[in-house]
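Working notes, structure below.
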Amino acid sequence: MSLLWGPLDPLEEPIFESLAGSDLHSGFMQSAYWSRFKQIEGYEVTRLGLREDRQLIGGASLLRFHLTGEPTFVLCPEGPVLPWEDSHTARSALRQLIDFAKTMPNTLGLRIEPHLQTPLPSILRNSGDAPTDLTPSDTLMIDLRLTEEELLARAHPKCRYNIRIAEREGVQVSRSQDLSRAHDFYELLTETSFRTGFFVEPFGFFLNLLSTVFGCDAGELFTASHQGKLLAAILVVYFGRRATYLYGASSSTDRQKMPAYSLHRAAMGQARNRGCLEYDMYGIDAFERRDHLYAGITRFKKQWGGEVHRRIGARDFVFYDRLADLIVEKLS
C-alpha cells in the first residue's frame, strides 16, 4: 500500500466532491464552493487529494488566513476526508497531512475537525482540544429518508400545533436564489442579533456567501411572509447527502404566527426533493441547560425530533518548535 498526498487535480474535483459529500464525518466546508467563498474572504486555500496506489481515497481542503503576515494555524473544517474506519490507513494519512502542514510557511499548527462521534478515538489522542470549534460540536440531524408524515409523527405535539397555526394565519413560504434578497435577509439578521445578543457578520460576508452558493445551486433562501410583510428567513446550503440550516432570522413582530415552523417544513421538503438524506439543524446544547446561549434555539430544534450528534470538536496539532521560536522572537 502506497499513500501519498498531493495537489488535487481539477479532473479529480468531482471525485473528491463525491467522497466528501457522501462521508458522514465531513460536510459542506470541504466542498469546492466553500473554498471559493473563503478565497473571496481573503483565505489562502490548498486543496489536497489522498491517493492509495494512485486511486483517490480522500482529501483535505486547507484554509489559512495570513493577510497580516502573522503566524497562524492551518484549518481543515469538517475534515480531513479519510477512511476513519480503517485506523491504520487513517493514522498514516493523518501523519503525512501534519507533515505537509509543517512545510507551509508561517504555520504554528494544524487544526482539524472531522465529525467523529465521542468519545475521542485513539488515533487523535496526541491532539489537543482546540480553543474554538470551526462548526458546532453538538447538533441535531433529521432523517429525510422518512416521509413528511413520518417526520411529523416523530415531532413534538407543540411543533405540529405551531405548524397548523402558521397555516391558519396564512403564512406564505417562498424560496429564492435571487441575490437582490440579500439586503432584506441582512436587515432581519441584524434585528435578530439585536434581540438575542448573537453576533452577526458584516453585510459583505453575506453578500459573498449568497453569491457563491446561489451561483452554483448549492444554497437557497427560504422566506416566510404574511400579507407582503417579511416575517422570517433561513439560509440552507446543500452538499452531498446533507442539507444544513446555516442561518436564520426573524422579525420581532408577528412572532405568534409561527413562521419559523413553516420555513423548516418547506426546507426539509425541498432538501428531500434534491436527494438529501439528512437535515442538519446546525448547533444545539446537548445538555439542554437553561442558562446556555443556545437554550431557546435548542428547545425549538428539538421539537422536530431527530437524533442528537455529539462530536469530538476541533483538534489541534501544535508545532511546538515553531511556537517556541516565535515566543523567543517576541521576547527579544
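The values are calculated or read from the model by the stated rules, or taken from the named source; none is laboratory data. Only a predicted model underlies this, so the values are computations on that prediction, with no experimental measurement involved. Methodologically, a virtual Cβ is constructed for each residue, glycine included, from the backbone with ideal geometry; neighbour enumeration extends over all protein chains shown.
Some notes on this structure:
- Per-region count, region 143-159, residues closer than 16 Å to residue 277 by Cα and surrounded by 14 or more Cβ atoms within 10 Å (Cβ to Cβ): 4
- Residue among 27, 21 that is assigned by TED's automatic domain parsing to the domain that holds residue 88, buried (at least 21 other Cβ atoms within 10 Å of the Cβ) and in contact (Cβ under 8 Å) with a residue 40 or more places away in the chain: 27
- Applying the condition of being at pLDDT 85 or above and part of a loop (DSSP other than H, G, I, E, B) to region 287-332 and asking which residue is nearest to residue 264 (Cα to Cα) yields 304.
- Listed conditions (1) touching an Asp or Glu at 6+ places or on another chain (Cβ under 8 Å); (2) surrounded by fewer than 22 Cβ atoms within 10 Å (Cβ to Cβ); (3) modelled with pLDDT of 95 or more are all met by residue 90, apart from (1).
- Pairing residues of region 144-165 that are more than 14 Å from residue 258 (Cα to Cα) with residues that are of a type in the set (D, E, K, R), at Cβ distances under 7 Å and at least 6 apart in sequence or on separate chains, gives 144/272; 144/278; 152/160.
- Subset of region 275-286 that is touching an Asp or Glu at 6+ places or on another chain (Cβ under 9 Å) and part of a loop (DSSP other than H, G, I, E, B) - its residue that is nearest to residue 239 (Cα to Cα): 277
- Looking across region 294-306, the residues that are in contact with a strand residue (DSSP E or B) (Cβ under 8 Å, 6 or more places away or on another chain) and closer than 10 Å to residue 281 by Cα come down to 301, 302, 304, 306.
Residue by residue, here is whether (1) out of contact with any strand residue (DSSP E or B) (no Cβ under 9 Å at 6 or more places or on another chain); (2) part of a loop (DSSP other than H, G, I, E, B); (3) at positive phi holds:
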position: 42; (1), (2), (3): yes, yes, yes
position: 47; (1), (2), (3): no, no, no
position: 51; (1), (2), (3): no, no, no
position: 56; (1), (2), (3): no, no, no
position: 60; (1), (2), (3): no, no, no
position: 70; (1), (2), (3): yes, yes, no
position: 73; (1), (2), (3): no, no, no
position: 78; (1), (2), (3): no, yes, yes
position: 84; (1), (2), (3): yes, yes, no
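- Selection within region 212-238: residues that are without any contact (Cβ under 8 Å) to a residue 40 or more places away in the chain and surrounded by 15 or more Cβ atoms within 10 Å (Cβ to Cβ). The member of this set that is nearest to residue 270 (Cα to Cα) is 236.
- Tally, over region 40-59, of residues that are closer than 12 Å to residue 79 by Cβ and either basic (Lys, Arg) or under 18 Å from the mean Cα position of the chain (by Cα) (or both): 2
- Test: residue 272 is in the same structural domain as residue 143 (by TED's automatic domain parsing), at pLDDT below 95 and not aromatic (Phe, Trp, Tyr): no
- Among (1) crowded, with 19+ Cβ neighbours inside 10 Å; (2) under 23 Å from residue 2 (Cα atoms) - the single one residue 100 does not satisfy: (1)
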